[in-house]
Amino acid sequence: MLGRVDPQGSLLEAGNMCGHLVTKGSFYEKLARCGHELITDDDFAQMYAPARGGRRSRRR
């Protein structure tokens, strides 16, 4: 089954653990704040292969 990221988040997420290390106003801080709008689970759906139990094999 194709999984989805839980929008709820968790206490152990990178932003909660080490967000204080990212410079305020930097590209990385903006990416952490708005990245979910730029990159979604659906962007990777074509890589999912249900017949193989998930991801495609790297071998061709």
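The values are calculated or read from the model by the stated rules, or taken from the named source; none is laboratory data. The structure displayed is predicted, hence computed values, not measured ones. All Cβ positions, glycine included, derive from the backbone under ideal geometry; neighbour counts span all protein chains shown.
Data overview
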{"quantity": "Selection from segment 1-43 of residues that are among the polar types (S, T, N, Q) and not in a helix (DSSP H, G or I)", "calculated": "Q8, S10, T23, S26, T40"}
{"quantity": "Selection status of G25, modelled with pLDDT of 70 or more and at positive phi", "calculated": "yes"}
{"quantity": "Complete set of residues in segment 34-47 that are among the charged types (D, E, K, R) and either more than 16 Å from G9 (Cβ to Cβ) or loosely packed, with under 11 Cβ neighbours inside 10 Å (or both)", "calculated": "E37, D42, D43"}
